[in-house]
Amino acid sequence: MTDLRTTYMGIELRNPLIVGACSLTGKTATAQKLEEFGAGALVVRSLFEEQIQLERFLFDEDLEKYDNRYAEMLHFFPPIEYGGPKEHLQSVRDICQSVQIPVFASLNAVNRKTWVEYAKLMAETGIRGLELNFYASPRDAVVSGEVAEAEQIAVITEVRKTVTIPISVKLSHFYSNPLHVIHCMDAVGVNGFVLFNRFFHPEIDIQKEAFVSPFNLSHEEDSRLPLRFAGLLHGNINANICSCTGIFHGDQIAQMILAGSTAVQVVSTLYRNGLPHIGTMVRDLQTWMESKGYKQLADFRGKMDQKHCTDPWTYHRAQYARLLMNPEVVMQNAPVL
């Protein structure tokens, strides 16, 4: 009998499939279904800086609402309950209490004070770990990459001092040297890296001459980038690697673990194939392991990382150059027209 258990950030999961932060993980009823269909863990949908600042704006607005009324009317003090961050925190508590699988929270802030304040509040909800979602895209030519990276590392350092639960960081690949950034973050106490974040980019409707925001799901070929970095990082950092983006089937979970991942996160495949597809992916992974004679994930984790790969050029530029200089290799795999 194969054992699919894995230990991610010091937390035991019944299998390596984690449902990533999305609308599917924002409600108790759906979280229970995710557990029922076989997910190893889930990440509750993100709490964003914009939600927090909106609540503060509304609160300040209410505080000033009666400034010009008579003193006798001071009992009309505004209620302090809003449906933003407080509601989100309560939702996280409810989900933690409603399922047995580990629950992680996702925080996507901007200001360092907000990161630290809400990391502490999140940690008090009963979550097993906190995912810091560094969703920062370049928009200011004045801010250098070094400054942006230093600020993110400072945020991690402050959060690490504030909470005792494990911390993961979800990153994009838009760094000059992602490996360097990951090593620096690893040094300040990150327990897991979720690779990689998927940005939503604007699109223009040329008929209406207006911006639209399409709901772009990932594609299977997108999994090659996290596969590459899992292979490069395995054995070189203390933190665990959680691969995400483009993972649709059980054989892709096997690929990620072969490269060195501890776990994977899935989202798009559930929108395309439905929640029961979780069970299919887990069973396919188990079937593959049985066909190979593997009893547990540790038997093949990292077996094909950079250090163990029989082709030393696979993870390097030389692989790209070799393909260009040997077009017959490319043509062998090209579709027949």
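The values are calculated or read from the model by the stated rules, or taken from the named source; none is laboratory data. Owing to the predicted nature of the structure, the values given are computational and were not obtained by experimental measurement. Backbone-built Cβ (ideal geometry, glycine too); neighbour counts: all protein chains shown. These area figures cover heavy atoms from the full protein model, side chains too; ligands, DNA and RNA do not enter into them. Shrake-Rupley method; radii C 1.70, N 1.55, O 1.52, S 1.80 Å.
Here T114 meets each of (1) over 21 Å from I241 (Cβ atoms); (2) of a type in the set (S, T, N, Q); (3) in contact (Cβ under 8 Å) with a residue 40 or more places away in the chain; (4) open to solvent by 10 Å² or more (accessible area, probe 1.4 Å) with one exception, condition (4).
Restricting attention to segment 279-294, does a residue exist that is within 20 Å of the chain's Cα centre (by Cα) and outside any loop (DSSP other than H, G, I, E, B)? Yes: one or more hits. Looking across S218, S213, S223, one residue alone is farther than 28 Å from D305 by Cβ and small (G, A, S). It is S213.
Of all the residues in segment 206-226, those that are surrounded by 10 or more Cβ atoms within 10 Å (Cβ to Cβ) and not in a loop (DSSP other than H, G, I, E, B) number 6.
Okay, residues lined up against (1) open to solvent by less than 20 Å² (accessible area, probe 1.4 Å); (2) within 17 Å of the chain's Cα centre (by Cα):
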residue	(1), (2)
V181	yes, yes
V190	yes, yes
F193	yes, yes
G231	yes, no
D251	no, no
A254	yes, no
T269	yes, yes
R272	no, no
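What's the number of the condition R198 fails, among (1) open to solvent by 30 Å² or more (accessible area, probe 1.4 Å); (2) more than 24 Å from S268 (Cβ to Cβ); (3) in contact with a Ser or Thr (Cβ under 9 Å, 6 or more places away or on another chain)? It is condition (2) that R198 fails.
State whether the residues of segment 143-151 include one that is among the β-branched types (V, I, T) and under 19 Å from M9 (Cβ atoms). No, segment 143-151 has no match at all.
Applying the criterion of being open to solvent by less than 80 Å² (accessible area, probe 1.4 Å), touching a helix residue (DSSP H, G or I) at 6+ places or on another chain (Cβ under 7 Å) and in a loop (DSSP other than H, G, I, E, B) to the residues of segment 295-306, the residue that is nearest to T6 (Cα to Cα) is R301. Taking the conditions exactly as written (open to solvent by 50 Å² or more (accessible area, probe 1.4 Å) and modelled with pLDDT under 90), does R69 satisfy them or not? The answer is yes for R69. Right, S168: modelled with pLDDT of 95 or more, open to solvent by less than 50 Å² (accessible area, probe 1.4 Å) and not hydrophobic (A, V, I, L, M, F, W, C) or not? Spelling it out, S168 is indeed modelled with pLDDT of 95 or more, open to solvent by less than 50 Å² (accessible area, probe 1.4 Å) and not hydrophobic (A, V, I, L, M, F, W, C). In the set (1) open to solvent by less than 10 Å² (accessible area, probe 1.4 Å); (2) not in a loop (DSSP other than H, G, I, E, B), the condition left unmet by S261 is number (2).
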